[in-house]
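One structure below.
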C-alpha cells in the first residue's frame, strides 16, 4: 500500500473513532440492536466481567467503573484464586458500591472465562496474551462487548483469529476496543493530524524504542507444578506472551502504522538475544531485540526493545520526514515548520474505557478492528525474524500456520510443560540462524 492511501475500511471509521469514540463505519445500522442487547433484562446497569486479575485488568476495571454511575463489576476469573481475591479486595476498597461480585462469581482455572462471559454485558480481557483472540471470539459470539489488551495474538494464527472476531463484532453491532491506548491520546492525535497534513513531508525513517527493565518476576510458590509456575510468571514465557516485540513494541508499531496511514511493511530483518537476564524467573524471552522494517513507500523503521536493568531507558518514537522531524513523546515537530502541542492532556487509558461505555449507552458501536490485529501482526513478523535470523515478508508471515504449542484448545494445567529449565534454572532459547520455526513453536525441551 502506498503512503498516501488509506487502509481498507475508510478514514471515516478512523476519524470518528479517534475524535469522539463514536460510530465505526457501518455501526449506526446496529444502534437499536446494540441497546437492546445491553438492556435485555430491562435494567439500566451495564454488567462488567474481568478475564484476568492482574494489574492491567484491574486497572481497566477501575477505569470502566469510573465511566459512569451505571456500571457494576459482577464477575472475575483468573488461573489462580489468590489473584482473583486480591483484585476483588482492591477494587472493593475503591468502589464499594460498584463491585458486586459474590464468591459464586469468582472463578478460577482455564474455563472460568465461560462463566464470566455468561454473567456480563462487557468483558475486559487482560490475561496471558495467548488467550486474547479466543476469549474475544467467544465473548463476541455470545453477544458481549469487549475490551481486550494488547498484543492481539502472539502468532499468525492467533492474530487472524482476532481479526475475525473484530469482523464478527462489526456484523453483530458490538463494540470491541483495543488496549493500544495511544490512539486515544489527544496530543498524539494532534501530532498525527499534522503528519498526515504533510508538515514533516514524506516519512523516510522512524526510530521506535521501548527500552526498560524486565517485567515483574514472580517467584515460584511452594508446591507449584512447572506448568502452574509458567502461568504464574506468564510474561516471561514465549508460548504465553509471544516475547517482547509483540508485548512492548506493539505500542510503538501501532503508532508507526498510524503515522503511515495504516501502511504495512513489505519485509523486515532482526537481531536479538539474551545477555544479562538469567535465572528461572526470567523464563525463555530475549532481553534485547532490534527489527528493521522496510515499506513500499520507501520508509524504514528501526524498532528496538530491551528488558535489562541498569541501562538507558526510553519508550518513544522519532518520526523523520523530508521537511522535518516529529519527536512524538515530546509532542513536538521541528523543521521547516516548528510546532509543539500545548493543549489539554488526557489519560488515554481512561478515555478508551469512556469511549467504549459511551458507545454502549448510545447504541453506537465502535470497533478497533481497523488497526489492532494488523499492528500486532507487524510485531509477530518482527519477532519471528529475530528468532530465525532470516529476512521475512509480511504477506508470507500473515498467511503462516505457525502457532506456539500447545494451542489454547490443547493447554491444560496438568499437561507436560512446553519448556523445562536446565540444571542452572535457565530455559532453552531460539538460536538465530539455527533454530527452525518448528522448534520455535515448541515444545522447547532442549
Residue list for the stretch 243-253, restricted to those being surrounded by 24 or more Cβ atoms within 10 Å (Cβ to Cβ), part of a helix (DSSP H, G or I) and out of contact with any strand residue (DSSP E or B) (no Cβ under 7 Å at 6 or more places or on another chain): 246, 250
Do we find a residue being surrounded by fewer than 20 Cβ atoms within 10 Å (Cβ to Cβ) and either within 29 Å of residue 175 (Cα to Cα) or in the same structural domain as residue 71 (by TED's automatic domain parsing) (or both) anywhere in the stretch 376-390? no
May I ask you to verify whether residue 99 is touching a helix residue (DSSP H, G or I) at 6+ places or on another chain (Cβ under 8 Å), more than 22 Å from residue 153 (Cα to Cα) and at pLDDT below 95? no
Within the stretch 220-231, restricting to residues that are part of a loop (DSSP other than H, G, I, E, B) and out of contact with any helix residue (DSSP H, G or I) (no Cβ under 8 Å at 6 or more places or on another chain), the one that is nearest to residue 378 (Cα to Cα) is 225
Select from the stretch 109-144 the residues that are within 26 Å of residue 380 (Cα to Cα), in contact with a strand residue (DSSP E or B) (Cβ under 9 Å, 6 or more places away or on another chain) and not in a helix (DSSP H, G or I) and list them in ascending order. 123, 124, 125, 126, 127
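Would it be correct to say that residue 190 is within 13 Å of the chain's Cα centre (by Cα) and either crowded, with 19+ Cβ neighbours inside 10 Å or closer than 26 Å to residue 329 by Cα (or both)? Working first, answer last.
Values: within 13 Å of the chain's Cα centre (by Cα): no; either crowded, with 19+ Cβ neighbours inside 10 Å or closer than 26 Å to residue 329 by Cα (or both): yes.
When the stated conditions are applied, residue 190 does not pass them.
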What is the residue count in the stretch 232-242 for residues that are closer than 23 Å to residue 387 by Cβ, surrounded by fewer than 23 Cβ atoms within 10 Å (Cβ to Cβ) and out of contact with any helix residue (DSSP H, G or I) (no Cβ under 7 Å at 6 or more places or on another chain)? 0
Would a scan of the stretch 372-387 turn up a residue that is in contact (Cβ under 8 Å) with a residue 12 or more places away in the chain and not in a helix (DSSP H, G or I)? no
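Looking for something in contact with a strand residue (DSSP E or B) (Cβ under 9 Å, 6 or more places away or on another chain), within 16 Å of residue 254 (Cβ to Cβ) and not assigned by TED's automatic domain parsing to the domain that holds residue 266 - is there at least one such residue anywhere in the stretch 325-341?
No; the residues of the stretch 325-341 include none that is in contact with a strand residue (DSSP E or B) (Cβ under 9 Å, 6 or more places away or on another chain), within 16 Å of residue 254 (Cβ to Cβ) and not assigned by TED's automatic domain parsing to the domain that holds residue 266.
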For the stretch 428-446, which residues satisfy the criterion of being farther than 30 Å from residue 267 by Cβ and surrounded by 12 or more Cβ atoms within 10 Å (Cβ to Cβ)? 445
Within the stretch 362-406, how many residues are under 17 Å from residue 161 (Cα atoms) and out of contact with any helix residue (DSSP H, G or I) (no Cβ under 8 Å at 6 or more places or on another chain)? 2
Here is a list of conditions, (1) under 27 Å from residue 170 (Cβ atoms); (2) in the same structural domain as residue 284 (by TED's automatic domain parsing); (3) crowded, with 21+ Cβ neighbours inside 10 Å, and residue 402 meets all of them except one; can you say which number that is? (3)
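The values are calculated or read from the model by the stated rules, or taken from the named source; none is laboratory data. Note that this is a predicted model, so its numbers are computed, not measured. For neighbour counting, all protein chains shown are included, and Cβ atoms are generated from backbone atoms with ideal geometry for every residue, glycine included.
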